[in-house]
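The values are calculated or read from the model by the stated rules, or taken from the named source; none is laboratory data. None of these values were measured; they are calculated from a predicted model. Backbone-built Cβ (ideal geometry, glycine too); neighbour counts: all protein chains shown.
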Amino acid sequence: MAKYTLEYKLEVVKSVLEDGMTEGSAARKYNVAKSDVQKWTAAYRIHGISGITKKRISYTGEFKQKVVQDMRVNKLSFRETAAKYNLGNHCIAAKWERIYLEEGPEGLYKGRRSRTDSAPGKPKGRPPKLDKKVEEDLIAENQRLRMENAYLKKLNALVQEREKSEKKTKLK
């Protein structure tokens, strides 16, 4: 995802809103994705300059629930919802709706972290190595199971071969 300065976004938005340029032509002129131009323009119309500034906000569960319920009641798209509530990205609204549908409203109140953060008390990195004796026992069991599997396959093949030969002799 490309990073754009506030001035650059403002220039693109003003070319659409003030100069009467279409979003598609502005996207081509400024070499930006049309969806970005649409997002910036919608956010600027509703929230002004604060709509296109970068933000890193932690949202409350009540706010998330309000956003999802409004989106569902008013049948808003993710992009419309993001513009209306000044969310940084429309994917945030999609994620909240998914959580709402899977876990219910209480799922929006859970604190969630990124994949890099692990649960408290959970060791990081590789799991500890097994005791030498336990590892040897597991290897031996694995070998026995492989041999048993091979034996059963061979037995099954022999039985099928015998049945096949018996059918041939009956047909003659």
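Determine whether Tyr85 is touching a Phe, Trp or Tyr at 6+ places or on another chain (Cβ under 9 Å), closer than 25 Å to Leu10 by Cβ and not β-branched (Val, Ile, Thr).
yes
Candidates in the stretch 56-97 are the residues that are loosely packed, with under 12 Cβ neighbours inside 10 Å and out of contact with any helix residue (DSSP H, G or I) (no Cβ under 9 Å at 6 or more places or on another chain); of these, the one that is nearest to Lys3 (Cα to Cα) is Arg56. The combined condition, being out of contact with any strand residue (DSSP E or B) (no Cβ under 6 Å at 6 or more places or on another chain), assigned to a helix (DSSP H, G or I) and more than 17 Å from Ala82 (Cβ to Cβ), is not fulfilled by Ala42.
With respect to the stated conditions, Gln69 is modelled with pLDDT of 85 or more and within 23 Å of Tyr100 (Cβ to Cβ). The one condition from (1) over 28 Å from the mean Cα position of the chain (by Cα); (2) surrounded by 14 or more Cβ atoms within 10 Å (Cβ to Cβ); (3) not in a helix (DSSP H, G or I) that Thr53 does not meet is (1). Restricting attention to the stretch 3-39, the residues that are closer than 19 Å to Ala82 by Cα, at pLDDT below 90 and either assigned by TED's automatic domain parsing to the domain that holds Ala82 or not in a helix (DSSP H, G or I) (or both) add up to 2. Pull out all pairs, ordered by first then second residue, where Cβ-Cβ is under 6 Å, the residues are six or more apart or on different chains, the first lies in the stretch 102-117 and is modelled with pLDDT of 75 or more, and the second is surrounded by 10 or more Cβ atoms within 10 Å (Cβ to Cβ) and among the basic types (Lys, Arg). Pairs that qualify, where the first residue is modelled with pLDDT of 75 or more and the partner is surrounded by 10 or more Cβ atoms within 10 Å (Cβ to Cβ) and among the basic types (Lys, Arg), are Leu108/Lys64. When every residue of the stretch 69-88 is checked against the conditions, at least one turns out to be outside any helix (DSSP H, G or I), aliphatic (A, V, I, L, M) and closer than 16 Å to Leu108 by Cβ. Looking only at residues in the stretch 5-36 that are charged (D, E, K, R) and in contact with a helix residue (DSSP H, G or I) (Cβ under 6 Å, 6 or more places away or on another chain), the one that is surrounded by the most Cβ atoms within 10 Å (Cβ to Cβ) is Lys9.
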